[in-house]
Each structure stands twice: as C-alpha cells, then as structure tokens.
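The values are calculated or read from the model by the stated rules, or taken from the named source; none is laboratory data. Computed from a prediction, not measured in an experiment: that's the story for all the values here. Note that we place each Cβ from the backbone using ideal geometry, even for glycine, and neighbour counts take in every protein chain shown. Keep in mind that these areas ignore ligands, DNA and RNA; they rest on the heavy atoms of the full protein, side chains included. Shrake-Rupley method; radii C 1.70, N 1.55, O 1.52, S 1.80 Å.
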Amino acid sequence: MIVDNLKRHFAEPRNDDRLHFSQHLQHDRHAVLYHAYGYPSVVPSWGRLFPLVQGTGVHEIMHRAMAEIYPKYRPEFEIIAQDPDLKYRWGGTADAYVEIDGDLWLLDYKTISGVGLSFLDDEPKEDHVLQVSAYYHFGPYKPRTAVLYLPSSGNYKNQWEEPRFVEFEPVPIGMLLSRMKHVEASIAEWTLNQSLPDWPVGKWEWKTKGRSKTYHLTYKPHYTSIFCPWAGTHDDPCGCSLQETIIAGTYKDGDLNIDEKYAIIVDEIGVPDDAKA
C-alpha cells in the first residue's frame, strides 16, 4: 500500500491548461495530445518513475546548497509568455536566478546519465537551449544563461565525470516564437482534422558492443519516447514509446552487410571513421 501510494503521489500529472516550456517545445505530438486530453493519471513502473523522483530530489538539494553559498539566490521563478501573436497560454518555472560576482545568471539544473554527459558538446542539448531561451525572453531580466549538468551515473567505463556548467547564448526571440507557433499550428491541425504530428526523429549511428570490432548500424528512438505520458495506457493515443531500437546491419574489416531498405542511411552517414582507419 505504501509503495502504491508513493508512486501515485509522484506520478500525479500536471494539467494546468498551459503549454510548458520544459515539455512542449520539444515534442509536438505530446503537446497536441496534452492540449486535447491532458496528461493521463497512470502509475508507471518504478523504473520509469525514478528519474522524475531523482531529478526532483536533486533540484531541492541544489536550491538549499546554492541559497547557502550565494546570498542573492531566487529559486523556482514562474514565467508566463506575453506575446500578442501567441494563441495559447505558455509558461514554465525557471530553476533559479542568482547573482555571482556581480553578474546575474539564469540557471537550469539537469540530471544526465554519465554516458549522456560524455557525448555532450560545448553547447547544451537543443531542447534545453529552447527551454531556457523561453525563460530568458519572457522573464523579467536579461541575465547570462547556463545549464548545470549533474551526472547521475558513470559512463561506459563506469567512471564518473564531474558536473558540467555550460554557458550559452539564448536563441533569438524570432526563432523561439517561430517554434512556439509551429506547436500551436500542430494543435490547430488536430482541432480541424484530428491529424497528429509525427514524434521526434531518433538517431542513426554506428555502435560496437564491449571490445567487439564489429560495428552495428543502430537506430535509437528519440529520448523523449522513454518518458511518454501515455506509455502503457489501455488506449495509447501517442505510440512513441512503442518504437524499438533497430539494428540495420554490420561493418567489420571493410565488410559491409546492410539490410537493403536501410542502404540510404549508410549513404547519408557513411561508415565509422575509426573502422576505416
């Protein structure tokens, strides 16, 4: 009973008749379904629920620590979009504003797997850039912006990397509004024709397993499919969580074996550089 009650509490959906910067800039299909039906009240498995619990706990700890370190620290700042060209209500909650050495910062905290952090470039993930850019443009200040990535596991070698603080320039307001209007157009299309947009496209890449020198051309669904709110429901209207990893072929010692229907993918991405060496 205790476990079920905890899971039910943690999984309580946030249905507030508002499009959210943190979720609906990245997944048009989810945005349309949320606007049409709201999020379902389901109790997922602990494995699907734990990343949410973990992320919430990390945020709470970060707020306490940062408030002790920096006197001018303002967490959980609600921001509402104000633009006459937007048809729907948009909003979100910025993780924190903080003054550090005379500079005002807008910070967003993200937990990330060690493997994910090892692949992170010098810029934050595109979804995170859009989210924080919305806080920047619709918020009351024009601070410096950054994402603080906090690893939640080791990498492939079970080695833990240090947290990574990534400063970046917000996208221009015109680009952000264009993205928001695209989401709104998808909602309008659903209202008129009951037509759902596609889910975000995943990624094709060459992968090896362990010490194997055989490369597998692998398709991995977009990470948002892992967190689909409708996954496991009796009548799943989204279906993005039903996608599976695809192994389209192999490459080893110059020998390429590919399923013909995926040959165009090889033409686009080529064969692994280190394999060619």
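Tabulated values for the structure
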| item | result |
| --- | --- |
| Test: residue in region 10-21 that is part of a helix (DSSP H, G or I), of a type outside the set (D, E, K, R) and open to solvent by less than 80 Å² (accessible area, probe 1.4 Å) | yes |
| Which numbered condition Q194 misses (of (1) of a type in the set (S, T, N, Q); (2) open to solvent by less than 90 Å² (accessible area, probe 1.4 Å); (3) at pLDDT 90 or above; (4) within 26 Å of L242 (Cβ to Cβ)) | (2) |
| In region 73-84, residue least open to solvent (accessible area, probe 1.4 Å) [restricted to those that are in contact with a helix residue (DSSP H, G or I) (Cβ under 7 Å, 6 or more places away or on another chain) and assigned to a loop (DSSP other than H, G, I, E, B)] | A81 |
| Some residue of region 145-168 being among the hydroxyl-bearing types (S, T, Y), surrounded by fewer than 16 Cβ atoms within 10 Å (Cβ to Cβ), over 17 Å from the mean Cα position of the chain (by Cα) and not in a helix (DSSP H, G or I) | yes |
| Count of residues meeting criterion [open to solvent by less than 40 Å² (accessible area, probe 1.4 Å), at pLDDT 90 or above and part of a helix (DSSP H, G or I)] in region 37-57 | 1 |
| Conditions (1) within 16 Å of L176 (Cβ to Cβ); (2) in a helix (DSSP H, G or I); (3) under 15 Å from the mean Cα position of the chain (by Cα): number failed by D108 | (2) |
| Residue identified as out of contact with any helix residue (DSSP H, G or I) (no Cβ under 9 Å at 6 or more places or on another chain) and in contact (Cβ under 8 Å) with a residue 60 or more places away in the chain among Y37, Y70 | Y37 |
| Region 111-130, residues that are free of Cβ contacts under 8 Å to residues at least 40 places away in the same chain and either crowded, with 18+ Cβ neighbours inside 10 Å or more than 17 Å from E169 (Cβ to Cβ) (or both) | G116, F119, K125, H128 |
